[in-house]
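Heads up, the thing below is written out as structure tokens.
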Amino acid sequence: MQATRLHDLSLLALRLAFGGLMFFNHGLGKLEKLMGPGPIQWADPLGIGPGMSLALATGAEVGAAALLALGLFTRLAAVPLMITMAVAAFIVHGADPFAKKEAALLFFAAYLAVFLQGPGRYSVGQLLANKLPSGGWKGFWLR
């Protein structure tokens, strides 16, 4: 197997694992809380209100995580995920021991790697980019 194929498979595994885990283990619970009845009880780490804080975290952990797992607008999707994990690690758990920050930092590192590398060949964005004229920024951001 060629090195480039292994590289693309590793990016697929990284996207599916970290996008899928974020979506299913974190995002769906927040979506239920956001859509549920009653007042929103949520932390407000940025001082924008609990509802907006929950909505932003949910958007990243559901919408952006799904896009990342699919490999569609991957680099754009990685940005809100990295911001959410940085807020979780350095603001929400800022005073906590390292063990409480570790998961957020690992997710951040994975999203940074995907942002830098792109989604790889095995992605929806790559399939769509192949249909565009070569060159330009469209294909870069689509992937």
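For the range 1-93, the spherically averaged projection of the C-alpha convex hull amounts to 6.6 nm².
Note on Ala17 and Ala103: their simple-model spin labels are 1.6 nm apart, each label 7 Å out from Cα toward Cβ. Listed values for the range 123-132 are Karplus-derived 3J(HN,Hα) couplings in whole Hz (6.51 cos²θ - 1.76 cosθ + 1.60, θ = phi - 60°), namely 8, 5, x, 5, 4, 6, 5, 5, 8, 8, and x replaces Gly and Pro. Remark: the chain carries a charge dipole of roughly 500 debye about the Cα centre, counting +1 on each Lys and Arg Cβ and -1 on each Asp and Glu Cβ. Dividing the mean sequence gap of close Cα pairs (under 8 Å, 6+ apart) by how many residues the range 30-143 holds gives a relative contact order of 24 percent.
The residues packed around Tyr122, meaning those with a beta-carbon under 14 Å from its beta-carbon, carry a net charge of +3 if Lys and Arg are +1 and Asp and Glu are -1.
Comparing Pro97, Phe73, Met35 along the charge dipole axis of the chain, the residue lying farthest to the positive side is Phe73, per the Cβ-charge model. If one puts a single equal scatterer on every Cα of the range 38-143 and applies the Debye formula without solvent, what log₁₀ I(q)/I(0) results at q = 0.18 Å⁻¹? Evaluating at q = 0.18 Å⁻¹ gives log10 I(q)/I(0) of -0.86.
How large is the helix-only mean residue ellipticity at 222 nm for the chain, computed as the sum of -39500 (n - 2.57) over DSSP H runs with n ≥ 4, divided by its residue count, in deg cm²/dmol to the nearest 500? Show your work: numbers first, answer last.
On the way: 8 runs with 88 residues, N = 143.
Taking each H run of at least 4 residues, the total per residue is -18500 deg cm²/dmol.
Spin-label model, Leu127 to Ala55: label points 7 Å out along the Cα-to-beta-carbon direction sit 3.3 nm apart. For the chain, a Gaussian network of Cα nodes joined below 10 Å ranks Pro45, Pro80, Pro37 by mean-square fluctuation, and the top entry is Pro37.
For the range 3-142, the tally of Lys pairs with Cα-Cα distances below 25 Å comes to 4, considering only residues 8 or more apart or on different chains.
Laboratory data are not the source of any read-out in this text; all were calculated from the coordinates shown. These numbers were taken from a predicted model, which means no experiment stands behind them. Positions of Cβ are backbone-derived with ideal geometry, glycine not excepted, and every protein chain shown enters the neighbour counts.
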